[in-house]
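A short worksheet on the structure shown next.
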Amino acid sequence: MNTLKIDENSFELAEDIIKDLKAPEDLGILKCIQCGMCTSVCPAARHTDYDPREIVKRVLDKDETLITDDIIWNCFYCYTCQSVCPVSNSPSVVNQVLRQRAVDNGKGKPKVAPFSAYGESFIEFGLGAIPSNFFDDLIKDFGKEWLELKINLEDIREDLNLGSMFLPEKDVKDINNILEKTGFKNRLNELRRCRDEKNTR
Ligand code: SF4
Ligand code: SF4
């Protein structure tokens, strides 16, 4: 007798996304009507093969190959898609969960490893300061004035009575405890290893 084998590990992508911590309670992925409004306003779709409507369709079709598809890395989280979706869906959030899965299964690690310096700044300052290894590119984009502003920012803030942008030491310690207990530091170490391997190749 033929029996139908059900893979208990296979997941319903859309259901999984709805349950993810990143997803808001009213995420309307199951209500997507494939109207294409998201694609019509998506800047990534204008300049690449990326198509948020198609991404959502593939999720609804339970297409798990999406998680290992490089196309998901073309979104840059501007959230314009979310602002026009008539059913409260957010291809941007959908994409974030897909990328998280890609990182969890290892395929996405090299994609995010270059940004591990942001994680390092969370540990050092308790906030996501711009890592110094991005400074050269930012100077190219915004000019040397940007660096001067950056260097003098604390003084400028003091003149404007805005207070320091740095957190008190005790708060940084508390944040570090949270980063330790939630596994953030372990994950960051994995990304550092991945980044260092890439740099030594
Ligand atoms: S705008 Fe919303 S409903 Fe329309 S295709 Fe995009 S996700 Fe689906
Ligand atoms: S968040 Fe991503 S999918 Fe949405 S409009 Fe921006 S680039 Fe496109």
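The values are calculated or read from the model by the stated rules, or taken from the named source; none is laboratory data. All of these numbers come straight from a predicted model, not from anything done at the bench. Here Cβ is always computed from backbone atoms with ideal geometry, including for glycine, and neighbour counts include all displayed protein chains. With ligands, DNA and RNA removed, areas are computed over all heavy atoms of the protein, side chains included. Shrake-Rupley method; radii C 1.70, N 1.55, O 1.52, S 1.80 Å.
In region 154-185, what count of residues is obtained for those that are under 15 Å from S121 (Cα atoms), loosely packed, with under 11 Cβ neighbours inside 10 Å and either among the polar types (S, T, N, Q) or in contact with a Pro (Cβ under 9 Å, 6 or more places away or on another chain) (or both)?
Residues that pass the stated criteria total 1.
Would you mention how many residues in region 44-54 are open to solvent by 30 Å² or more (accessible area, probe 1.4 Å) and either touching a helix residue (DSSP H, G or I) at 6+ places or on another chain (Cβ under 7 Å) or under 19 Å from V112 (Cα atoms) (or both)?
The total comes to 4.
Is it true that S121 is polar (S, T, N, Q), over 16 Å from A14 (Cβ atoms), at pLDDT 95 or above and surrounded by fewer than 18 Cβ atoms within 10 Å (Cβ to Cβ)?
So S121 fails the test.
What number goes with the only condition from (1) away from ligand 1 (no atom under 13 Å from the Cβ); (2) among the polar types (S, T, N, Q); (3) over 30 Å from E190 (Cα atoms) that N74 does not pass?
(3)
For W146, work out the one condition from (1) over 23 Å from V112 (Cα atoms); (2) in a loop (DSSP other than H, G, I, E, B); (3) open to solvent by less than 50 Å² (accessible area, probe 1.4 Å) it doesn't fulfil.
Of everything listed in (1) over 23 Å from V112 (Cα atoms); (2) in a loop (DSSP other than H, G, I, E, B); (3) open to solvent by less than 50 Å² (accessible area, probe 1.4 Å), W146 misses just condition (2).
Could you check region 77-113 and list, in sequence order, the residues that are of a type in the set (K, R) and within 16 Å of ligand 1 (Cβ to nearest atom)?
Correct list: empty.
Which one of these is free of Cβ contacts under 8 Å to residues at least 12 places away in the same chain and either within 13 Å of ligand 2 (Cβ to nearest atom) or of a type outside the set (S, T, Y) (or both): E25, E54?
Selected residue: E25, the only one of E25, E54 that is free of Cβ contacts under 8 Å to residues at least 12 places away in the same chain and either within 13 Å of ligand 2 (Cβ to nearest atom) or of a type outside the set (S, T, Y) (or both).
Looking at the structure I just gave you, is K19 touching a helix residue (DSSP H, G or I) at 6+ places or on another chain (Cβ under 9 Å) and not acidic (D, E)?
no
In the list D20, D26, D7, D61, which residue meets the criterion of being within 30 Å of R192 (Cα to Cα) and at pLDDT below 95?
The conditions single out D20.
Would you say D69 is away from ligand 2 (no atom under 12 Å from the Cβ), under 19 Å from K111 (Cβ atoms) and either among the charged types (D, E, K, R) or modelled with pLDDT of 95 or more (or both)?
Yes, satisfied.
Step by step: first the residues of region 72-87, then only those that are more than 8 Å from ligand 2 (Cβ to nearest atom) and either under 19 Å from C32 (Cα atoms) or out of contact with any helix residue (DSSP H, G or I) (no Cβ under 8 Å at 6 or more places or on another chain) (or both), then the one that is least open to solvent (accessible area, probe 1.4 Å). Which residue is that?
Among them, the one singled out is I72.
Being open to solvent by 70 Å² or more (accessible area, probe 1.4 Å) and under 28 Å from L188 (Cα atoms) narrows it down to one of K22, K57, K62, K109, so name that one.
K22
Please enumerate the residues belonging to region 114-159 that are among the β-branched types (V, I, T) and under 26 Å from K173 (Cβ atoms).
Passing the criteria: I123, I130.
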